[in-house]
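Only one structure is covered here, and it is reproduced in the block below.
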Amino acid sequence: MANKRFVATKVEVEGREETRIVELPEFEPAPWTADVPMDVVGQCVPRMDALEKVTGLATFTTDVKRPGMLYAAIVRSPIANGRVKSLDLAPSLAMPGARAVLLREEVDGLRYDSGQLFDHVIRFAGQPLAAVAAESQEAANRAALAAIVQVEADAHAVTSRAALRQNAPKIRSHGNTSKHSPRVHARGDVDAAMAQADVVIRREFRTPCALHTAMEPHGAVAEWRGDMLTVWESTQGIFNTRSDLAEAFGLKLTQVRVIKEHMGGGFGAKNGAHASTYIAAALARKTGLPVRCVLDREGEQVDSGNRSSTTQRVALAARRDGTLTAIIMESEIAMGVGGWFASPAKICHELYSCPNVRTTEVFVYTNTGAMASFRAPGHVEGAFGLECSMDALARELRMDPLDLRMRNYASHDQEKDRRYSDKRLDECYRQGAQRFGWKSPLSTSSARSARLRRGKGMASISWGAGGGPPSYATVRVNQDGTAEVLTGSQDLGTGARTVFAQIAAEALGADINHVRTILGDTERLPYTGNSWGSQTTASVGPAVRMAAEDAKTRLLEAAAQILRIPAEQLEARESFVRMKGAADPTSQTPSLSFQQITEKLGDVMIIGQGSRGPNPDKTALFAFGAQFAEVEVDVETGHVRVIRLVAAHDSGRIINPRLAESQLEGGMLQGLGFALFEERVLDESLGLPLNPTMHDYKIPTMSDLPTIEAFFVPGSDTVANHTGAKGLAEPPIIGIAPAIANAVADAIGAEILELPITPWRVLAALERSR
């Protein structure tokens, strides 16, 4: 059918492929290929919000204060499984400063990730049971502690092992009570390949439940004016949050406004309305006053999502020359009381060329808080099992681990048998190994004694990071010649404000100092999707560029009328319009500044509109990388020190190298935490978390910081989109834990099969090897 306006396209988000019906853009700009000269894109432009942040002027949700605002605190369950026998909140209301309580019947039917809000059937320790509003946070906390809660405890299962036992307690009130049916995904004849292989290795790996531990916890401030609800929210998706609230309170979308100015981290846990959002809105409606509900640290750690723990049994079969002939992964994934199925097995189907692959995943429900997306969910866990197995195979074959990976290089998407939009993993291997000195022996001159041993390891990365529609943007040129980029996206601290301004300045031909980005308000800005799954730049960037190109066309047409020169002979650069090919705006060639043009136009505004077009058909839009680690291990204490990390990444065109490298470094440090420290510890007998604070749940600090060299191989993926950019926030966390584990194994001659790599696990591995 000719002249189609709407088409179907596929978008991959965090390993899940979605089909969306989207509108075709009005036009498609010429792609920014690698050889296109750039003035602004590719430059280390300072963060546009840097001054606000370093001076403390940046407003986070926790900073929002409204006239007459009340503060909320949550009454939580002290047990992991059972029911509420009685809940007396009269003592809470009697506390000084207490103004209102919120009960189950007042939020009936309202659900979030962990289930029914204020449900009296208890599924995990820390489950919200009620809420209190008071005149200060301290008063609210005291009032919540005054609540008298009587519970009846049942047997619980807080690990997948316990939940899979015969006669395990019922975890969920609907569907299968302990687990989802096994999910099997296969290609080829795995059993025949295993039987015919020259070499087979088998290993069992375990990864922990990790907690997001963002500096800013989940929180919202809600205010009603009549039937209009405004919410200030720490969220990765203002439009998702708006939809959640409208559905929960029976409102039209036009009655809900969600605002997010600055944010102190999300990492995947803040993709929509949470319990704190609903509590703030419900208490605000009940009291007629604004209400702030921000989780305390323990509440954040037990009830805002987590990375699922896994058990993975991996088998690799290969020919004597190292060619993979079969991959098997069988895994159990502990979901908590809910969430979605983040697949650790997916990386087995896509990373290496292998004709026979079979994975079996069992998603198990447990009496703990629901899982949530956590920076490259599934791939981080699966990479540990697959990449440590690849090193085990290399040792069995007496091959170099890098050579083994190069031998099994995949030239196309193995899982769906389709082309890659662009793939430079081979360059990541080459350049990363060169900078790391992979083929050179490690220096031991700094070793303090014979008990300190050095080792090196590496891992490969793949991640769907091509983004996709729908996303919209507007660029408007003001009367003084400055420009504003309007798009309903979110800046999670990644620098989206700066990146969008750079894209717009490049496309518009504007001085970057004259461009400002406005984000984070559902009422004032055009729609974009969530900032998740390494989607933001690749999804919103093309819409911003298109809007700027549209505005530039109108600006050149206006200038053509003023200069009496055909618009086709004009160009815009550094906020001037001049004849194409002119040396600079101060030459004798006729030229006008943007401000001169807009002043002559008066109140006539230059406004450009842009949208993100569909993704290419039958094409895998992936980012890739290779990561290398050097470690020092004390074989007497088991302590591991990471000395240096080197990472080479293929992420398409890099808009701002400084911000992009910061993303790599941040992800790598988070991967280091997953490798060495981070683990939710539970008392299995009581079902209670033992380390729900930032004092006891260890994340990396400056004292743990190794030397980091993170860089991008040059490229521009213009098949993925016309800016050439791909997502880069999640790939850097994927390979760090297996690279470090492989380095530790190289150092001590004993394999690491469980994360985090604590001293006692290192000593246990040494004992096993003896």
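The values are calculated or read from the model by the stated rules, or taken from the named source; none is laboratory data. Note that the structure is predicted; figures quoted are calculated from it, not measured. Every residue, glycine as well, gets a Cβ built from its backbone with ideal geometry; the counts of neighbours run over all protein chains shown. SASA here: full protein model, heavy atoms, side chains in, ligands and nucleic acids out. Shrake-Rupley method; radii C 1.70, N 1.55, O 1.52, S 1.80 Å.
Within region 570-584, the only residue that satisfies the criterion of being at pLDDT 95 or above, acidic (Asp, Glu) and assigned to a loop (DSSP other than H, G, I, E, B) is GLU574. Of all residues in region 44-64, those being touching a residue at least 12 places away in the same chain (Cβ under 8 Å), over 22 Å from ALA473 (Cα atoms) and not β-branched (Val, Ile, Thr) number 6.
Checking the structure you have, find out if any residue of region 643-664 is touching a helix residue (DSSP H, G or I) at 6+ places or on another chain (Cβ under 8 Å), surrounded by fewer than 19 Cβ atoms within 10 Å (Cβ to Cβ) and in a loop (DSSP other than H, G, I, E, B). Scanning region 643-664, I find no residue that is touching a helix residue (DSSP H, G or I) at 6+ places or on another chain (Cβ under 8 Å), surrounded by fewer than 19 Cβ atoms within 10 Å (Cβ to Cβ) and in a loop (DSSP other than H, G, I, E, B), so the answer is no.
The set of residues in region 537-555 that are open to solvent by 20 Å² or more (accessible area, probe 1.4 Å), under 19 Å from THR482 (Cβ atoms) and not basic (Lys, Arg) comprises GLU549, ASP550, THR553.
PHE677 meets all of the listed conditions (1) more than 22 Å from the chain's Cα centre (by Cα); (2) open to solvent by 30 Å² or more (accessible area, probe 1.4 Å); (3) at negative phi but one, namely (1).
For region 39-49, filtering for residues that are within 22 Å of the chain's Cα centre (by Cα) and open to solvent by less than 60 Å² (accessible area, probe 1.4 Å) leaves 1.
Let's see how each residue does on (1) in contact with an Asp or Glu (Cβ under 9 Å, 6 or more places away or on another chain); (2) closer than 23 Å to GLY613 by Cβ:
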residue	(1), (2)
ARG5	yes, yes
ASP49	yes, no
GLU52	no, no
THR55	no, no
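Scanning region 307-328 for residues that are open to solvent by less than 10 Å² (accessible area, probe 1.4 Å) and either more than 31 Å from the chain's Cα centre (by Cα) or not basic (Lys, Arg) (or both) yields SER308, THR310, GLN312, VAL314, ALA315, LEU316, ALA317, ALA318, GLY322, LEU324, ALA326, ILE327. In the set (1) more than 19 Å from ALA58 (Cβ to Cβ); (2) among the aliphatic types (A, V, I, L, M); (3) within 18 Å of the chain's Cα centre (by Cα), the condition left unmet by VAL475 is number (3). Picking from residues in region 401-418 that are touching a helix residue (DSSP H, G or I) at 6+ places or on another chain (Cβ under 7 Å) and of a type outside the set (S, T, N, Q), the one that is most open to solvent (accessible area, probe 1.4 Å) is MET406. The residue that is most open to solvent (accessible area, probe 1.4 Å), among those in region 50-86 that are more than 30 Å from VAL121 (Cβ to Cβ) and basic (Lys, Arg), is LYS65. The set of residues in region 174-203 being at pLDDT below 95, farther than 22 Å from SER373 by Cβ, among the small types (Gly, Ala, Ser) and exposed (fewer than 14 other Cβ atoms within 10 Å of the Cβ) consists of SER181 alone. Of the set (1) in contact with a Phe, Trp or Tyr (Cβ under 9 Å, 6 or more places away or on another chain); (2) under 30 Å from THR325 (Cβ atoms), all apply to ASP417 but (1).
Evaluating VAL762 against the criteria (1) in contact (Cβ under 8 Å) with a residue 40 or more places away in the chain; (2) over 17 Å from ALA629 (Cβ atoms); (3) of a type in the set (Val, Ile, Thr) leaves one unmet condition, (2). The set of residues in region 712-732 being among the acidic types (Asp, Glu) and either modelled with pLDDT under 95 or in contact with a helix residue (DSSP H, G or I) (Cβ under 8 Å, 6 or more places away or on another chain) (or both) consists of GLU730 alone. Picking from residues in region 689-706 that are out of contact with any helix residue (DSSP H, G or I) (no Cβ under 7 Å at 6 or more places or on another chain) and over 21 Å from ARG641 (Cα atoms), the one that is surrounded by the most Cβ atoms within 10 Å (Cβ to Cβ) is ASN691.
With respect to the conditions (1) open to solvent by 20 Å² or more (accessible area, probe 1.4 Å); (2) closer than 30 Å to ALA433 by Cβ, ASP617 falls short on a single one, namely (2).
Just one of LEU508, LEU525 is surrounded by fewer than 22 Cβ atoms within 10 Å (Cβ to Cβ), out of contact with any Pro (no Cβ under 6 Å at 6 or more places or on another chain), within 23 Å of GLU28 (Cα to Cα) and modelled with pLDDT of 95 or more; which is it?
Details: LEU508 fails: surrounded by fewer than 22 Cβ atoms within 10 Å (Cβ to Cβ).
Selected residue: LEU525, the only one of LEU508, LEU525 that is surrounded by fewer than 22 Cβ atoms within 10 Å (Cβ to Cβ), out of contact with any Pro (no Cβ under 6 Å at 6 or more places or on another chain), within 23 Å of GLU28 (Cα to Cα) and modelled with pLDDT of 95 or more.
Looking only at residues in region 234-251 that are of a type in the set (A, V, I, L, M, F, W, C) and part of a loop (DSSP other than H, G, I, E, B), the one that is nearest to THR522 (Cα to Cα) is LEU251.
Would you call ARG206 modelled with pLDDT of 95 or more, open to solvent by 30 Å² or more (accessible area, probe 1.4 Å) and either at positive phi or within 31 Å of the chain's Cα centre (by Cα) (or both)? Here the answer is yes, as ARG206 does meet what is asked. Considering (1) assigned to a loop (DSSP other than H, G, I, E, B); (2) open to solvent by less than 40 Å² (accessible area, probe 1.4 Å), the lone condition that GLU636 does not fulfil carries the number (2). Here LEU24 clears all of (1) open to solvent by less than 70 Å² (accessible area, probe 1.4 Å); (2) under 30 Å from ALA155 (Cβ atoms); (3) of a type outside the set (Phe, Trp, Tyr) except the condition numbered (2). Any residue in region 588-603 that is of a type in the set (Val, Ile, Thr), at negative phi, touching a strand residue (DSSP E or B) at 6+ places or on another chain (Cβ under 8 Å) and surrounded by 15 or more Cβ atoms within 10 Å (Cβ to Cβ)? So far as region 588-603 goes, yes, one or more of its residues are of a type in the set (Val, Ile, Thr), at negative phi, touching a strand residue (DSSP E or B) at 6+ places or on another chain (Cβ under 8 Å) and surrounded by 15 or more Cβ atoms within 10 Å (Cβ to Cβ). Among the candidates ALA222, ALA163, ALA168, the residue that is within 29 Å of MET335 (Cβ to Cβ) and in contact with a Lys or Arg (Cβ under 9 Å, 6 or more places away or on another chain) is uniquely ALA163.
I need the full set of residues from region 333-358 which are of a type in the set (Ser, Thr, Tyr) and under 15 Å from GLY15 (Cα atoms), in order please.
SER343 - this is the single residue of region 333-358 that is of a type in the set (Ser, Thr, Tyr) and under 15 Å from GLY15 (Cα atoms).
Scanning region 731-751 for residues that are assigned to a loop (DSSP other than H, G, I, E, B) and open to solvent by 10 Å² or more (accessible area, probe 1.4 Å) yields a total of 2. Within region 1-20, the set of residues being in contact with a Pro (Cβ under 9 Å, 6 or more places away or on another chain) and at negative phi comprises VAL7, ALA8, THR9, LYS10, VAL11, ARG20.
Evaluated against (1) surrounded by fewer than 17 Cβ atoms within 10 Å (Cβ to Cβ); (2) touching a Leu at 6+ places or on another chain (Cβ under 8 Å), LEU117 falls short on exactly one condition, (1). Reported count of residues in region 148-173, each being open to solvent by 40 Å² or more (accessible area, probe 1.4 Å) and β-branched (Val, Ile, Thr), is 3.
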